[in-house]
Amino acid sequence: VIVDFLALLRRCRAERRAVAAFSCYDVETAAGVLRAAAGRPVVLLMPAPAILHPGGDLLAAALRAVAEQAASPVSLQLDHAHGLEEIRAACDCGVGAVMADGSHLSRDANVELVIAARSIAARRGVAVEAALGRLAGDEETALEVGVDADGLTDPAEVRRFVAEAQPDCVAVAIGNVHGVYRDRPRVDLARLRSIAARTERPLALHGGSGLQACALRAAVGAGIAKVNFNTELRQAYVAATRDALPAAGPLALHRAQTAAVATVAAAKFAAVLGPSTGLHPVEAGPLTWTASV
Ligand SMILES: [Zn+2]
């Protein structure tokens, strides 16, 4: 079932747990993610380049259909939009949220992008995630990268940024990177706590691949309400595809891709939520959601 993105994240933030979010470039990936979700809430991320790709609207419609039919509470989000064209396209396709990523712009241009994105998104009831701070690496490739110390989110900027841009959710840079961690990752929890103390908005942690379970859970306890995963999922998908070729036909290939994604995603759910019940370890109450939209 499709659920409201903002309600899901607000509840996660309030209850100190997080929803796992996974980049889906096709239906096979989404099927693997939902198999691993096993009824738990999840965000399906549609990468921004995919929505502008020929057939991007069809992929969005397919992901939406997958979400509607899922046993899990699901929200669909456009990830890392750098311009308004892909935000408009995604809103037309019925996503529940978009990320307006102005992290590579000047501070003021970042605020302007988020405000413009909100004006498009608000008409459709679509939530907007902004980025404060800049991550090293590229969300579409699995290159080894080190942390960009100059890009870390400055807690002193949080209040003003949120007041001016009014994002529904804020992605932070606290030692995380996109791609493969070159050095042993170190999440700056003191910085995260300082950010979380300055805003009630749900916080998102990108670059979840490569972070250890203990680091992820500590980040969730300190205010992270959504953790994005892409790199490891994509690596598993590509490796499964390579291993299944050349003998496999299309259906066997799809089965191998879905199974590989499900294995990685299951490990990520366990890392973010704890292994047994799917609940964050500090939580005891059941996760129940009613469908929206
Ligand atoms: Zn990201």
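The values are calculated or read from the model by the stated rules, or taken from the named source; none is laboratory data. Just so you know, these numbers come straight off a predicted model, no measurement behind them. No Cβ is skipped: glycine too gets one built from the backbone with ideal geometry, and neighbour counts run over all protein chains shown.
Give me the pairs, please: first residue somewhere in region 94-123 and within 16 Å of the ligand (Cβ to nearest atom), second residue anywhere and in a loop (DSSP other than H, G, I, E, B) and β-branched (V, I, T), beta-carbon distance under 7 Å, and either six or more positions apart or on two chains. Final answer for the pair search is V95/V126; A97/V126; V98/V126.
Out of the residues in region 140-158 that are out of contact with any Gly (no Cβ under 8 Å at 6 or more places or on another chain) and assigned to a loop (DSSP other than H, G, I, E, B), state the one that is nearest to L84 (Cα to Cα). Among them, the one singled out is E140. Residues in region 1-22 that are outside any helix (DSSP H, G or I), modelled with pLDDT of 95 or more and not aliphatic (A, V, I, L, M): D4, F22.
Of the strands (runs of 3 or more DSSP E) lying entirely inside region 159-242, those carrying at least 2 residues that are farther than 25 Å from V261 by Cα are 169-172. Any residue that is more than 20 Å from the chain's Cα centre (by Cα), surrounded by 14 or more Cβ atoms within 10 Å (Cβ to Cβ), away from the ligand (no atom under 14 Å from the Cβ) and among the hydroxyl-bearing types (S, T, Y) - is there at least one of those in region 234-243? Scanning region 234-243, I find at least one residue that is more than 20 Å from the chain's Cα centre (by Cα), surrounded by 14 or more Cβ atoms within 10 Å (Cβ to Cβ), away from the ligand (no atom under 14 Å from the Cβ) and among the hydroxyl-bearing types (S, T, Y), so the answer is yes.
Name the one entry in A165, A219, A215, A204 that is among the small types (G, A, S), free of Cβ contacts under 8 Å to residues at least 40 places away in the same chain and in contact with a Leu (Cβ under 9 Å, 6 or more places away or on another chain).
Of the residues listed, the single one that is among the small types (G, A, S), free of Cβ contacts under 8 Å to residues at least 40 places away in the same chain and in contact with a Leu (Cβ under 9 Å, 6 or more places away or on another chain) is A215.
Once region 160-183 is narrowed to residues that are β-branched (V, I, T) and in contact with a Lys or Arg (Cβ under 7 Å, 6 or more places away or on another chain), the residue that is nearest to R13 (Cα to Cα) is V170. The set of residues in region 43-59 being of a type outside the set (V, I, T) and under 15 Å from F5 (Cβ atoms) consists of L44, L45, M46.
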